[in-house]
Amino acid sequence: MKENLTKIIELGLEAGAEYVEIRAQKLFRTMLTMKDGVIEAAKEGLENGAAIRVLANGTWGFASVGSFNKTQLAEAVEKACKMAKATSRKVKVPIKLAETKTFEDKVTSKPRKNPAETPLAEKIQLASSINERVFSYDQRIKSCTVDYLDIMGTNYFINNEGTYIEQDKLYVWSRILATAKEGEIYAFAREEIGSTAGFEVFETETPQIVSERIAKRAVEQLKAKTPKGGIFPVVIGPNVVGVFVHEAFGHLAEADLTLSGSVLMDKIGKKVASDVVTVYDDGTIDGAFGSFKYDDEGVPAQKTLLIENGRVVGLMHSRETAHKFEAAPTGNVRAEDFRYEPIIRMRNTYMAPRDHSFEELLEDIRFGYYLKSFRGGQANLDGTFQVGIQEAYEIVNGEIGAPVRNASISGNTLETLKKVDAVGKDFELWPGRCGKGQIAFICDGGPHIRVREVLMGGAR
């Protein structure tokens, strides 16, 4: 593989590129969806291809091909060079790359139960077992959808600077969605499972455990009431803290989006949160769903400090944005597969724990809400956000009270971060997938935290 890819690199340089990189992939992928016990889609198979990116005349050119055929690869690198040269006529500021060390490495993955060697029938049986157990939990359960995905294979990265990396890729992921109905009341619950270890994740997250957890959440929401609308103190659980940090702050700190107009552009080095807020994006956490050794520019993953004691101290960078900010690349660049250009993506994004117990976070709240599990979230470059909550409870005189449903929180990210007045000493990470024009596997989380004021959506 290395010899063949090296020849394509040489062709790119001969065609006038000053930088050439190739990402090649040999992957085995399984995808299936079961809805209410019926398989709606199921497919598996090998997926090979290569992505070629060149820098010529100060701009990028990109081409991909679903083959390792030498002729097709040669045509692709020529196409990428022509694209870059054509685009360069409209570029006012040439792209330059920050320097980085070169590496030759081979990163292997050795799952105890390789998903590529696990029969499709066993994966379908897993989904069927989850589905059956969800429905058998309570007659008020009305629907259950199980999505399953696994990817196993090897990524190859080479560039003209001397880096050559072979890196195994392994992901096992599942999402379960359930609804319940009683009278005119509907309730919804979701759960995600993610592992970079292997299919053995389902020996811990068994169908019995997963199905009971999601079915119980859906059914218990049927007796919940609608929260009051208005501004209240809240205690936020790690699951919601993670999606808030990821959606509301993390995307603002991706340097390509910072340059595109996020509110952080003029906030580097400035205070944007309370003193108890420290945020990291870390690609080195062993076993986490967003971890890897090298990113798709051949840069080692690392632990990147974004906020330290309330002050913005860093961003997530590619080699291109690192040069613009006079910073170092952070190992945050990824592409969904060979069909996509690599872009800056989060890895494992979290708020660092402090020293409060869960009880201490609750004790000073006369009335507020405990937000335990999220339903979905979105944020804008101007710093506004909205996060839906699928499981929440009232807090009354420092104690957890009645459940509430269909809750949401919204506001301005930086204003909300300034109102974080206490951070717990516990810590959890939750796996998920992030969309930014393409899908990336990530984790997010943190400890429980307390926020003095948050705008709650609900009844007035």
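FYI, it's all coordinate maths here, none of it is from the lab. Owing to the predicted nature of the structure, the values given are computational and were not obtained by experimental measurement. Quick reminder, even Gly has a Cβ in these numbers, built from the backbone with ideal geometry, and neighbours come from all protein chains shown.
Taking amide H atoms as placed 1.01 Å from N in the peptide plane, the amide H of Glu428 lies under 5 Å from those of Gly446, each 5 or more residues away in sequence or on another chain. For a straight C-alpha distance cut-off of 27 angstrom, the lysines reachable from Lys35 (same-chain residues fewer than eight places away being disregarded) are Lys43, Lys113, Lys123, Lys142, Lys181, Lys216, Lys223, Lys372, Lys436. Starting from the Cα of Lys106, draw a straight line to each of the lysines and keep only those under 27 Å, dropping any in the same chain fewer than 8 residues away. Within the straight-line limit of under 27 Å, Lys106 reaches these lysines: Lys2, Lys7, Lys26, Lys70, Lys169, Lys293, Lys303. Report note on the peptides 394-401, 189-196, 243-250: ranked by the mean count of other C-beta atoms within 10 Å, highest first, their order is 243-250, 189-196, 394-401.
Put in line by how crowded their Cβ is, counting other Cβ atoms within 10 Å and starting with the fewest, Tyr370, Tyr280 read Tyr280, Tyr370. Gyration tensor over the Cα atoms of the chain: the corresponding equivalent ellipsoid has semi-axes (square roots of 5 times the eigenvalues, largest first) of 41, 29, 17 Å.
With the charge dipole of the chain set up from +1 on Lys and Arg Cβ and -1 on Asp and Glu Cβ about the Cα centre, the Cα lying farthest toward the positive end among the listed residues Phe28, Phe367, Ser410 is that of Ser410.
May I ask for the percentage of alpha-carbon pairs in the stretch 2-223 that lie more than 29 Å from each other? Roughly 48 percent, once rounded to a whole number. Our summary gives the stretch 230-457 a relative contact order of 30 percent, counting only alpha carbon pairs under 8 angstrom and 6 or more residues apart. Ranked by the mean number of other Cβ atoms within 10 Å of their residues, highest first, the peptides 221-230, 335-344, 49-58 fall in the order 49-58, 335-344, 221-230.
A full extension of the chain between Phe103 and Leu455 corresponds to an added length of 121.9 nm, given 0.36 nm per residue minus the alpha carbon distance. Among beta bridges identified by DSSP and lying wholly in the chain, the antiparallel ones come to about 90 percent. The distance separating the Cα centre of the stretch 147-181 from that of the stretch 188-245 comes to 23 Å. Relative to the Cα centre, the charge distribution of the stretch 230-457, modelled as +1 at Lys and Arg Cβ and -1 at Asp and Glu Cβ, gives a dipole magnitude of about 260 debye. Here the 3J(HN,Hα) profile of the stretch 160-174, calculated from phi with Karplus coefficients 6.51, -1.76 and 1.60 at θ = phi - 60°, is 6, 7, x, 7, 9, 10, 10, 9, 5, 10, 9, 9, 10, 9, 8 Hz, Gly and Pro shown as x. Once a ≥ b ≥ c are taken as the square roots of the eigenvalues of the Cα gyration tensor of the stretch 192-246, is the result rounded (a/c under 1.5), prolate (a/b larger than b/c) or oblate (a/b not larger than b/c)? Here the stretch 192-246 falls in the oblate category.
With runs of 4+ DSSP H residues as the only contributors, calculate the mean residue ellipticity of the chain at 222 nm using -39,500 (n - 2.57) per run, divided by the residue total and rounded to the nearest 500. Can you show the working numbers first?
Values: 10 runs with 96 residues, N = 460.
Calculated mean residue ellipticity at 222 nm is -6000 deg cm²/dmol.
For the stretch 2-223, the relative contact order comes to 21 percent (Cα pairs under 8 Å, sequence separation of at least 6). Dipole check for the chain: with +1 at the C-beta of Lys and Arg, -1 at the C-beta of Asp and Glu, and the Cα centre as origin, the magnitude is about 980 Debye.
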